[in-house]
Amino acid sequence: MSEEKNVWVFLETRNGNFRSVGLELLSAGRSLADKLGEKLVGIVIDPRAEELAGTAIKYGADQVIAVCGEVFGRYDTENFTSAMYTLVKKYAPEVLLIGATNVGRDLGPRLSCRLHTGLTADCTSVDVGADRIVLWTRPAFGGNIMATNICPDTRPQMGTFRPNVLKRLPADDGRRGGVIVERDIIRGRPSLVDILDEIRLGDSDTANLTEADIIVLGGRGLKGPENFALLEELAAAVGGCVGASRAAVDAGWISPVHQVGQTGKTVCPRIYIACGISGAIQHLIGMSSSKIIVAINKDPKAPIFAAADYGIVGDLFQVVPALTKELRRRREG
Amino acid sequence: MNIIVCIKQVPDTTEIRMDPVTNTLVRSGVPSVINPFDRHALEAAVSLRDKYGGTVTAVTMGPPQAAEALRESYALGADRMALINDVRFSGSDTYATSYILAESIKLIGRFDLIICGKQAIDGDTAQVGPALAEQLGIPQLTYVRKIELSGGRIRVERELDDCYEAAEAPLPVLLTVVKSINDPRLPNVVRKLRANRMEPDIISGGDIADLDPNRIGLAGSPTKVFRTFAPVRARNTVMIDGSQADAAVKRLLSEFDGKKIAI
Amino acid sequence: MSRYGFYLGMDADQKDIVSMVKQFAEKELDPIIGEYDEKGEFPMKAHRAWGEMGLWGIDVPEEYGGLGMSALTRYLVFEELAKHDAGFAVSNGAFSFGLTAILLSGTEEQKLAACGRVLSGEGISMAITEPQSGSDVSGTKTTAAKTDGGYILNGVKCFITNASLCSACVVLAVTDPEARYHGMSFFLVEKDFPGVSVGKHEDKMGIRLSDTADFVMEDVFVPDDHLVGTEGEGFSNAMKVLSIKRPVSVAGAVGIAQRALDLAVDYAKTREFKGVPIGRLEGVQFMLADIEMRVQAARSMAVYGAQMTDAGADIGTLGNSLKAFGTEICFEAVNTALQVFGGYGYSREYPMEKLLRDIRIYSIFEGTNQIQRQVIAKMLLA
């Protein structure tokens, strides 16, 4: 067991480029590698893997394993699981981080099961504890509780992180590192899945919540679907997006593409403006302390005020339009 | 066609609270529900069965009270109920759970399709579905929002971060579904009353030949919970009187200006 | 929700059923009530969802393919439903009014056909009231003149629940003007018989999700096999139908009053007077306790009536008492709850005023409380 070494980060790609989450993960990987006194290795599986290796090193990797092949042009469960499995068996990493995107959440558990090892999903922080065991911390029960998991006996110790939870290290163009190129590493039977087509989402199908800097959140206190228009106006005034609680979505007041929180989109804006939400906010937002929360509610005892940075006790149907008006005035002036 | 739906009975996490003194979850008085994503999985299975014929078996691994979730599944259209219950299974993480589920499903019989919800709202890991597919050696298609069947092959539309992907595979496969796949029906009262008089089939450790004791329960779980704690969010909230909206807005923005928060 | 805000003796099945009704209401009713109350329209989509749950068969006996629910279970269903919207509960119940009449005195073919229609969601309503005769049923003017192979019906019925929605209506008409109470008969009138029309939809104060309209018959030919029961039985059958329905119809009033209580309690915990929640003021506490007592009393009486019905007893004027008294104390309860709400109770932005509008009808329809008193006194002094 002590033969395994190094911290690996799976660097997800899309259309021949890195997805941001992989580069964000390098920062956590860097910190783990430093604490363990080991190397940070970026894993790139893509037809352009060799070309991308340099970028991985810029963002903190000491070494890159570049797996090339046209077959990897698009994510496929079996192809990628098989490739990763071969690599892990060959190089025996101690720790493996994967971004919790659709791809990561599809790949991670399949791979961890094939490797008969443990995976902790959707981590918000990671650390090294006693005996060089990684401590993976994540929310559970809808964010009501935080749990720290360990994987003491099997290797690699695996974990996934959501996008927008970690911050990339600044790019260091002067960094150098080794690149190992691998080819033809898929073993076993080929994938049975045919990917037929990709349909891009129109603007109406998706809210750019995951990238939004400011999110105006609406809940049950909005009383009805028509009142989300007030939030749309405020969001437009600040160049932000409208998000909604599960209650508002379940009531049919707004499309599920706007749902944030545990079963909706994971977001990481700088500022939240929560309107008509009275209850516990941890259902909706992560516990990262870097966010600023403004809550508007007419009940001074509403639990949300305990979690907010700024609380306006008032009628949102007055306050929100007033805020929109003032912000528009500032932008024009 | 034979469809298996994996369901989980979970506490309604919108109702659950932390006890600030003991730092544990207050579970009493919190209603148990079928994991919301599993309702969508069940609806998808039942709709396929209504269209193509066959049997839908709702399967859950849990304590005896999980039978209630199976009865609800019956009320929602499932034909058969199977409860996987054994004291030796408790403490299983997602890996051990997927092993136990796989062995149990092999006992239940030949299947064409397994449908799971995207994730359970208590664990929030979304790991059991793919791990189960791996244990059974069948393909997985995750984040499914649309299903079509034809000639022993399944065609799905998957909801990815930034696009929809159309994919196809031969049966048997395992699917995990997202909410936008359907609007689950309400339970049928007649079926529920009938289910109240039925017991699910029970699968326990003794029913599974060659059950590997090293792959079940706490001993069989590669991940272990090290500790749990309440999410900390200490705040010194600045409270603003909002009875005069314009004044409140001015106050908020001047606070922001003071702290150089751009808005 | 108050700790005793429901019948304490529910068995496991009843708990399940009530829980499913609650799920239904939260999904299909709660989100749309505001809009439909404003419009005064019955939500057909919710009605269809009710059917998909298998609940159209509540009043249909098991031997005819229905759920055959006991009166107590039906009481529980309607109390829960009325906690969300009494108007929907009223119309919902009225889909089987005509069925009750047919089950009482119809032929086997009529019963089978009627059960089928209720099970399919089409429903059969019942029409007694006329513009000139509400309480005075003996003043019924709708006539049914015997003719070859059937009857010709002429008349106007008003305030008929589900007149627009049901596919047919059991109508009380005079077949023998001399015989007064013994000269009226029930007829199953199909909506699509020539000469039948549905008049203007009533713009009501409350229970606005229920459908209420005129049922107009102009020279409508009704074949012999659509006579329900024998000639002359109509009035007594009509009274029997109302009597059978009585404990369950009071469920609506109890549901409204319970909801009003829950709202008032929540309000009393948060609304402040001189920095203190008004729930700490004894005056308000006494008001809340008064509401609670009344809700419990109304519920107890209705449940007693339902249980006795299920036990096969002829509850007679017990039904009239529980209707008259139960509906009146529920009105007091809601009225007091609104007072606790103060000005916000008067505002349409808050849910309380709708409850008062909804409860007001309960002392009027299904036999005014004045008629109930007449019947009770008559029994006492007989």
* What percent does the relative contact order of chain A come to when contacts are Cα pairs within less than 8 Å and at least six residues apart? -> 14
* Each label point is 7 Å from the Cα along the Cα-to-Cβ direction; what then is the distance between the points at C:A179 and C:D310, in nm? -> 3.8
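Taking the radius of gyration and the Kirkwood hydrodynamic radius from Cα positions alone, what is the Rg/Rh ratio for chain B, to two decimal places? Mind showing how you got there, number by number?
Working: Rg = 22.4 Å, Rh = 20.6 Å.
Here the Rg-to-Rh quotient is 1.08.
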* Asked: Can you work out D for the stretch B:99-214 in µm² s⁻¹ from Stokes-Einstein, where Rh is the Kirkwood radius over C-alpha pairs, the temperature is 10 °C and the viscosity is 1.306 mPa s?
  -> 97
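For the stretch B:35-140, go through all pairs of different Cα atoms, get the mean of 1/r, take its inverse, and jot down that Kirkwood value in Å.
On the way: mean 1/r = 0.0706 Å⁻¹.
It works out to 14.2 Å.
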* Asked: Along the charge dipole of the protein assembly as shown, Cβ charges K/R +1 and D/E -1, which of A:L217, B:V178, B:A67 sits furthest on the positive end?
  -> A:L217
* Structure fact -> Net charge near A:A33 (other residues with Cβ under 9 Å of its Cβ; Lys, Arg +1; Asp, Glu -1) is 0
* Asked: Cα centroids of the stretch C:228-277 and the stretch B:101-126: how far apart, whole angstrom?
  -> 46
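Which order do C:L153, A:L119 fall in if you start with the one that has the fewest other Cβ atoms within 10 Å?
Values: C:L153 25, A:L119 30.
Result, fewest neighbours first: C:L153, A:L119.
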* Structure fact -> Given unit charges at Cβ for Lys, Arg (+) and Asp, Glu (-), the dipole magnitude of the protein assembly as shown about its Cα centre in debye, nearest 20, is 2760
* Modelled FRET efficiency - R0 35 Å, C:Y344 with C:M205, Cβ distances, 0.05 increments -> 0.95
* Structure fact -> Of all DSSP beta bridges with both partners in the protein assembly as shown, the antiparallel percent, nearest 5, is 45
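Per the helix-only calculation at 222 nm, which mean residue ellipticity applies to chain A, given -39500 (n - 2.57) for every DSSP H run of n ≥ 4 and division by its residues, nearest 500 deg cm²/dmol? Can you show the working numbers first?
Values: 8 runs with 92 residues, N = 333.
Taken over chain A, the calculation gives -8500 deg cm²/dmol.
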* To do: For A:I273, list long-range residues whose amide hydrogen, built 1.01 Å from N in the peptide plane, is under 5 Å from its own amide hydrogen.
  => A:I215, A:V216, A:L217, A:V294
* To do: Kindly write out, for the stretch C:80-95 in residue order, the coupling ³J(HN,Hα) from the Karplus curve 6.51 cos²θ - 1.76 cosθ + 1.60 (θ = phi - 60°), rounded to whole Hz, with x marking Gly and Pro.
  => 5, 4, 5, 5, 9, 8, 6, x, 5, 4, 4, 5, 4, x, 6, 5
* **Length released on extending from B:K106 to B:A209, taking residue separation times 0.36 nm less the Cα-Cα span** => 36.0 nm
* To do: Starting from the Cα of B:K250, draw a straight line to each of the lysines and keep only those under 24 Å, dropping any in the same chain fewer than 8 residues away.
  => A:K291, A:K298, A:K301, A:K325, B:K259, B:K260
* Sort the stretch C:318-382 into rounded, prolate or oblate with this rule: let a ≥ b ≥ c be the square roots of the eigenvalues of the Cα gyration tensor; rounded if a/c is under 1.5, and if a/c is not under 1.5, prolate when a/b is larger than b/c, oblate otherwise. => prolate
* ³J(HN,Hα) across the stretch C:243-250 via Karplus (A = 6.51, B = -1.76, C = 1.60, θ = phi - 60°), whole Hz, x for Gly/Pro? -> 5, 4, 7, 4, x, 6, 6, 5
* Structure fact -> Rounded to the nearest 500, the 222 nm mean residue ellipticity computed for chain B from DSSP H runs (n ≥ 4, each -39500 (n - 2.57)) alone is -8500 deg cm²/dmol
* Asked: For the protein assembly as shown, with equal point scatterers placed on the C-alpha atoms only and solvent neglected, what are the log10 I(q)/I(0) values from the Debye formula at q = 0.04 1/Å, to two decimals?
  -> -0.24
* Where does chain A land on the Kirkwood hydrodynamic radius, alpha-carbon pairs, in angstrom? -> 21.5
* Asked: Other chains near C:54-65: what is the mean number of their Cβ atoms within 10 Å of each residue's Cβ?
  -> 1
* To do: List, largest first, the extents of the alpha carbons of the stretch C:198-287 along their principal axes, each in whole Å.
  => 72, 29, 15
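Ranked by Cβ crowding within 10 angstrom, fewest neighbours first, how are C:L103, B:L83 ordered? Before the final figure, lay out the partial values.
Numbers: C:L103 20, B:L83 23.
So the ranking, lowest neighbour count to highest, is C:L103, B:L83.
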* Asked: Picking from B:G206, B:G123, B:G54, which is most flexible by a Gaussian network model of chain B using Cα springs under 10 Å?
  -> B:G206
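Ranked from highest to lowest mean number of other Cβ atoms within 10 Å per residue, what is the order of the peptides C:123-136, A:89-102? List each step's numbers first, then the result.
Working: C:123-136: 20.3, A:89-102: 22.1.
In descending order of packing, they fall as A:89-102, C:123-136.
Could you tell me whether the stretch C:4-113 comes out rounded, prolate or oblate from its Cα gyration tensor? Rule is a ≥ b ≥ c as square roots of the eigenvalues, rounded for a/c under 1.5, then prolate if a/b exceeds b/c, otherwise oblate. Write out the running numbers ahead of the final one.
Values: a/c = 2.10, a/b = 1.29, b/c = 1.62.
Oblate is the answer for the stretch C:4-113, as a/c is 1.5 or above yet b/c matches or exceeds a/b.
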* Structure fact -> Using alpha carbon centers only, the stretch B:190-247 is separated from the stretch C:1-32 by a whole-angstrom value of 25
* Check B:I154: other-chain or 5+ apart residues with amide H under 5 Å from its amide H, H built from backbone geometry? -> B:A169, B:L171
* Asked: To the nearest whole number, what is the average tally of beta carbon atoms from other chains within 10 Å of the beta carbons of peptide B:84-96?
  -> 2
* Structure fact -> The Cα radius of gyration of chain C, divided by 2.2 N^0.38 Å with N its residue count, comes to 1.00
* Asked: Among residues other than A:R155 whose Cβ falls under 9 Å from its Cβ, what is the net charge (Lys/Arg +1, Asp/Glu -1)?
  -> -4
* To do: Starting from the amide H of C:F159, placed 1.01 Å from N in the peptide plane, find each other amide H under 5 Å away whose residue is 5 or more places distant or on another chain.
  => C:A213, C:D214
* Distance (nanometres) between label positions extended 7 Å along Cα→Cβ at A:V181 and C:M44 -> 6.9
* Where a Cα-Cα gap under 22 Å defines reach, which lysines qualify for A:K5, not counting those fewer than 8 residues away within the same chain? -> A:K35, A:K39, A:K58, A:K89, A:K90, B:K224
* **Separation of the C:D148 and C:F286 label points, Cα + 7 Å toward Cβ, nm** => 7.6
* **lysines with Cα under 19 Å of C:K39, excluding same-chain neighbours fewer than 8 positions away** => A:K223, C:K200, C:K204, C:K354
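How many partner chain Cβ atoms sit within 10 Å of a residue's Cβ in peptide B:134-141, on average, as a whole number?
Numbers: counts 10, 2, 0, 1, 1, 6, 7, 3.
Whole-number average of other-chain Cβ neighbours for B:134-141 is 4.
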* Hey, could you pull the Cα Rg and Dmax for the stretch C:268-336, both in Å? -> 16.7, 56
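Would you kindly state the longest site-free stretch of chain C, with sites defined as trypsin sites (Lys or Arg not before Pro) in a DSSP loop (not H, G, I, E, B) surrounded by at most 13 other Cβ atoms within 10 Å? Before the final figure, lay out the partial values.
Numbers: sites that count: C:R3, C:K274, C:R348.
Free of exposed loop sites, the longest segment is C:4-273.
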* Tally Lys/Arg at +1 and Asp/Glu at -1 over every other residue whose Cβ is under 11 Å from the Cβ of A:V134; what's the total? -> 0
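When the helices in chain C are scored as -39500 (n - 2.57) per DSSP H run of 4 or longer and the sum is shared across all residues, what 222 nm value do you end up with, to the nearest 500 deg cm²/dmol?
Numbers: 13 runs with 189 residues, N = 382.
For chain C, the value works out to -16000 deg cm²/dmol.
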* Structure fact -> In the protein assembly as shown, taking the dipole from +1 charges on Lys and Arg beta carbons and -1 charges on Asp and Glu beta carbons about the Cα centre, the listed residue (A:N79, A:G159, C:I124) farthest towards the positive end is A:G159
* Structure fact -> For the stretch B:88-99, Karplus-derived ³J(HN,Hα) couplings (6.51, -1.76, 1.60; θ = phi - 60°; whole Hz; x for glycine and proline) come out as 6, 7, 5, x, 6, 8, 5, 5, 5, 4, 5, 5
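Just so you know, all these numbers are worked out from the coordinates, no wet-lab data involved. If you're wondering where the values come from, they're calculated on a predicted model, not measured in any experiment. Cβ: placed from backbone, ideal geometry, glycine included. Neighbour counts: every protein chain shown.
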